[in-house]
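Student: Before I ask anything, let me first share the structure, which is written out below as structure tokens.
Just so it is clear, none of the values below were taken in a lab; they were calculated from the coordinates. Keep in mind that this is a model prediction, so the values were computed, not measured. As a convention, Cβ positions derive from the backbone with ideal geometry for all residues, glycine included, and neighbour counts pool all protein chains shown.
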Amino acid sequence: MSNQYRLTVAGYGTFELNEAAAGAAEVIEEAAGGKLHVLDGEQRFQARIQSGGFPQKHYEVLVGNTTYEVQIADALDLQIEAMGYSLNSASSVSQIEAPMPGLILSLEVEAGDTVEEGQTLLVLEAMKMENAIRSPRDGKIKAVAVSAGMAVDKKALLLEFED
């Protein structure tokens, strides 16, 4: 089963995309100017990423003379959302729970650390994949409830933020 993605383009709607479909397009990156040449079957166009970044999964992409705001939700985001958690209420998050059962491979933070939104907190191995669990907000870590090598169940408490 290939990874699923949801792209939300402001003003244009939401699109579901799987890894196989995304891989069908050929993207050639031009070193000078950061232009992308995209070839998708008979369609060809140029694009440029104006701003954005991976941790936030939010980009502004210029295609022709139009700038599109694109928010990307990957397979983990979709699974978290399916469990009833909102991806848009990050500032009110006070604790992080395991989105699925797995094994804690590494901890990147400890109690008392100050973290930024998008920073990797820990790595959870689940379904033979390494999943970086990232901070949904800026804040200070109050407590870490797990250690490397520990097996966790779905919804197990991983860490807490100070309010």
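Student: Need one number: nm distance between label points at residue 24 and residue 157, each 7 Å from Cα along Cα→Cβ, rounded to one decimal.
Tutor: Label-label distance for residue 24 and residue 157, simple model: 4.7 nm.
Student: Next up: When Lys and Arg each count +1 and Asp and Glu each count -1, what net charge do the other residues less than 11 Å away from residue 145, Cβ to Cβ, add up to?
Tutor: That works out to -1.
Student: What stretch of the chain, leaving out the sites themselves, is the longest with no GluC sites (Glu not before Pro) in a DSSP loop having at most 15 other Cβ atoms within 10 Å?
Tutor: Here the longest segment lacking exposed loop sites spans 43-107.
Student: Along region 133-147, what does the Karplus equation 6.51 cos²θ - 1.76 cosθ + 1.60 (θ = phi - 60°) give for ³J(HN,Hα), rounded to whole Hz, x for Gly and Pro?
Tutor: The phi angles translate into 8, 9, 5, x, 7, 6, x, 10, 6, 7, 7, 10, 9, 10, 9 Hz.
Student: Still on this structure, please answer the following. Please give the net charge around residue 78, taking every other residue with its beta carbon less than 14 angstrom from that of residue 78, where Lys and Arg add +1 and Asp and Glu add -1.
Tutor: With Lys, Arg at +1 and Asp, Glu at -1, the net is -3.
Student: Then there's this: Mind checking which lysines have their Cα closer than 22 Å to the Cα of residue 35? Skip sequence neighbours fewer than 8 apart in that chain.
Tutor: Those lysines meeting the cut-off are 57.
Student: Summing Lys, Arg as +1 and Asp, Glu as -1, what charge do residues with Cβ under 14 Å from the Cβ of residue 99 carry, residue 99 excluded?
Tutor: -4
Student: Still on this structure: Straight-line reach from residue 142: which aspartates and glutamates have a Cα under 19 Å away, not including same-chain ones fewer than 8 places off?
Tutor: Residue 142 reaches 97, 108, 110, 113, 116, 117, 160, 162, 163.
Student: Same structure, new question: Among the trypsin sites (Lys or Arg not before Pro) in region 56-163, which ones are in a DSSP loop with at most 14 other Cβ atoms within 10 Å of the Cβ? Mind listing them?
Tutor: 128, 154, 155
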